[in-house]
Protein chains: 2
Amino acid sequence: MGVLEETVGKIGDLDQRAMQAARSRQDTLTKPQGSLGRLEELSIQIAGITGKNQPRIANKAIITMAGDHGVVASGVSLYPQEVTVQMVLNFLAGGAGINVLSKLIGARVVVVDMGVKSDLASDARLISRKIGHSTADMSKGPAMTRSQAREAVEAGIGILEAELARGLDIVGTGDMGIGNTTPSSAICAAMTGKPASAVTGRGTGLGDGQLEKKARVVQQALDLNRPNAKDALDVLSKVGGFEIGGIAGVILGAAANRIPVVIDGFISGAGAMIAAGLAPKTRGYMVAAHLSVEPGHKAMLEYLHLSPLVDLDLRLGEGTGGCIGMFLCESATRVLSEMATFEQAGVSTAGEK
Amino acid sequence: MGVLEETVGKIGDLDQRAMQAARSRQDTLTKPQGSLGRLEELSIQIAGITGKNQPRIANKAIITMAGDHGVVASGVSLYPQEVTVQMVLNFLAGGAGINVLSKLIGARVVVVDMGVKSDLASDARLISRKIGHSTADMSKGPAMTRSQAREAVEAGIGILEAELARGLDIVGTGDMGIGNTTPSSAICAAMTGKPASAVTGRGTGLGDGQLEKKARVVQQALDLNRPNAKDALDVLSKVGGFEIGGIAGVILGAAANRIPVVIDGFISGAGAMIAAGLAPKTRGYMVAAHLSVEPGHKAMLEYLHLSPLVDLDLRLGEGTGGCIGMFLCESATRVLSEMATFEQAGVSTAGEK
């Protein structure tokens, strides 16, 4: 039995007893019952995930995984492929959106090379788990081998467990990879059965003609490779990406270790679909940070049975939306732990007239 | 000319030059253009408000105003009126929702007694601007005199200016007052012309019969007092509340001093309608934090030409939703100021293939 199967085997149900305790406590806090809406629900979910009646979020990490995509040769992105490696260097230098937002919420950024095309110079701040130098062009054949797909997912599990050893109460997923909305659309179409045209979007800003071409490339990859929706590793290998596999692994690792995992946007959503395909119970450990501008994201969230926390027209990726979701998770758990009860504060309850 | 007229006279247009500079800078940052969606728009608005190309948010305050309402005698709330003063003490002790969330975002909470029914013991942490010991029952006559309405708004302006002297880059409004969704619904109906039944909600959790009764009380107050929608002080005096007037003053003071003001939920929205009625340009200085569960809130936001940042089923008030809005404002300004440009980071731009 491999690391993947062991990890999947550890993923259990949410802790109903902790959820009930959190729900009961919410109703004793000095506010009308239910008046903090989704923050209350979130606190109850996180109690169920962690198994703690009053979970605390102190150690936070955003794991941003980078990889390149052979399919960019088919002209699916506005940006040159070199931007992937340039952005990885930007992450390490602290200049990207994810650096700014994670600093604000007090989360560390963990940058992982899952399969950038060029070789990156050794850097203590960069974790190298290169499965390959870019995937192959999925419109001409499978993006990677089945063994590489497994390797990518297991690398993600390993990354999560290494972060756990450093202290981790919540994790967010993030991505970087020029062209990676294309495999994400393909995964979405493969897993949901929707046509490529319905789940393919403008990515970094394609025009109408370019968008049509991109959808054709996605459909071509699906028609050629015929991924099996019931076999998530098959989907990942045929139309996925190394960073998407890594993200799936992070999510599985989080669920196996009862850590809440905040799913960022469209690419993270593709990783989450692979994770849910491998282990359906993983869904309960996920928090959907936001609704992406990418049209396929809605279908992904439906597949995942998730409702996004916010809708702010984001489409950057990197884990940026996840920072907002993580802030809301911390808001939720702090309300649960830190607010005074009616009894503590000497406040009258409803109906005491 | 009174303080109110002087303040209104100082409220000008947003600074188009600063907005253009912020917009241009957003397009040079290392992300696809527009990919941070509403965070980008928010940064541009805050540039226009402050007149700074790269505004910084360091000093933050939530101003939570408390007042009681004579109309509770008509049975419009589940909670006894004593809860208002009990919750003020809870704010001072740090046990309420607003304390927890403002601490998380690093904002100070400024608690103001605008018209709580009972006398509060002197406390250095409490600002007393009591306009009266509760308003009168608006279903039997005007809630307050016109002179009290002006006094409440001017007190709010004074509070804002005192906070400005302590250092203030952004302010959020908050409220506490058993029964205060009732005058808020009345203000909404008066200013928008909608029937009471369309803009009256369950407040802290009324049942169906109680909701119908509440809507009848709101309609009765409107029919009896006939507030003049074109005269916001008249509306405030006839169907408003002392804390709602105070909130309107905080908003006017913020706009006059070019400070972004985050509007919390339904009661803050009523204060914002009064402020916009007194000075229409104030709208540009407002950020709507969230969409409240109260059904009238949507009509308020339409009147204010505002689009809420999030929709999390909140209905607590106190300024709690405003904390989330303030976090998003800080996210937005930090992205604008702290992200690297394509040139700084050596990242290729779109089309450079």
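For this structure, a couple of remarks:
- For A:77-89, mean number of other protein chain Cβ atoms within 10 Å: 4
- Relative contact order for segment B:96-174, counting Cα pairs under 8 Å that sit 6 or more residues apart, in percent: 19 percent
- Among the residues of B:340-349, the average count of other protein chain beta-carbon atoms within 10 Å of the residue beta-carbon is 5.
- Set A:Lys140/A:Lys230; A:Lys31/B:Lys117; A:Lys130/A:Lys230 screened for pairs whose C-alpha atoms are more than 25 Å apart: A:Lys130/A:Lys230
- Between helix A:181-192 and chain A: long-axis angle, C-alpha atoms, 0 to 90°, nearest 10: 70 degrees
- Distances from B:Asp13 to itself in the other copies, using label points 7 Å out along the Cα-Cβ axis, amount to 6.3 nm in increasing order.
- Gap separating the Cα centres of segment A:205-245 and segment B:108-167, nearest whole Å: 61 Å
- Relative packing of A:65-71, A:194-200, which averages over residues the other C-beta atoms within 10 Å, highest first: A:65-71, A:194-200
- Normalised by the number of residues in chain A, the mean separation of alpha-carbon contacts (under 8 Å, six or more apart) gives a relative contact order of 24 percent.
- Counting only residues at least eight positions apart within a chain, or on another chain, the aspartates and glutamates with an alpha carbon under 19 Å from that of B:Lys52 are B:Asp13, B:Asp15, B:Asp27, B:Glu40, B:Glu41, B:Asp169, B:Glu330, B:Glu338.
- Three-way shape call for the protein assembly as shown based on the alpha-carbon gyration tensor, with the a/c threshold at 1.5: prolate
- Heavy-atom accessible area, 1.4 Å probe, ligands and nucleic acids excluded: residues of segment B:315-338 down by at least 20 Å² from chain alone: B:Arg315, B:Leu316, B:Ile324, B:Phe327, B:Leu328, B:Ser331, B:Arg334, B:Val335, B:Glu338
- Positive-end residue of A:His290, A:Gly319, A:Leu336, charge dipole of segment A:285-336 with Cβ unit charges: A:Leu336
- Cβ-placed point charges (K, R +1; D, E -1), dipole of segment A:60-330 about Cα centre in debye, nearest 20: 360 debye
- Gyration tensor verdict on segment A:214-320 (Cα atoms; rounded if a/c is under 1.5, prolate if a/b is larger than b/c, oblate otherwise): oblate
- Segment B:60-330 shape via C-alpha gyration tensor axes, a/c threshold 1.5: rounded
- Mean separation of Cα contacts under 8 Å, 6 or more apart, over the residue count of segment A:149-285: relative contact order %: 39 percent
- Cβ-based net charge around B:Ala162, under 13 Å, with every Lys or Arg adding one and every Asp or Glu removing one: 0
- Inter-copy label distances at A:Asp311 (7 Å, Cα→Cβ; nm, one decimal): 0.5
- At 7 Å out from Cα toward Cβ: A:Thr28 inter-copy label distances (nm, ascending): 5.6
- Accessible area (Å², per residue) of segment B:290-351, counting only protein heavy atoms and a probe of 1.4 Å: 31 Å²
- For chain A, adding -39500 (n - 2.57) for each run of n ≥ 4 DSSP H residues and dividing by the number of residues yields -15500 deg cm²/dmol at 222 nm.
- Partners for B:Lys213 among aspartates and glutamates (Cα-Cα distance below 17 Å; same-chain residues under 8 apart left out): B:Asp137, B:Asp223, B:Glu294
- Average other protein chain Cβ within 10 Å of Cβ, residues B:92-103: 5
- Cα long-axis angle, helix B:266-278 against chain B (0 to 90 degrees, to the nearest 10): 80 degrees
- Solvent-accessible surface of segment A:44-139, taken per residue with a 1.4 Å probe and all protein chains present: 34 Å².
- Chains A and B, summed buried accessible surface - 1.4 Å probe, Å², nearest 100: 4800 Å²
- Degrees separating the helix A:16-26 axis from the principal Cα axis of chain A, which is the longest one: 60 degrees
- For segment B:60-330, the fraction of 1.4 Å probe accessible surface lying on carbon and sulfur atoms is 51 percent.
The values are calculated or read from the model by the stated rules, or taken from the named source; none is laboratory data. Just so you know, these numbers come straight off a predicted model, no measurement behind them. With ideal geometry, Cβ positions are generated from the backbone for all residues, glycine too; neighbour counts draw on all protein chains shown. Just the protein is used for accessible areas: all its heavy atoms, side chains included, with ligands, DNA and RNA removed. Shrake-Rupley method; radii C 1.70, N 1.55, O 1.52, S 1.80 Å.
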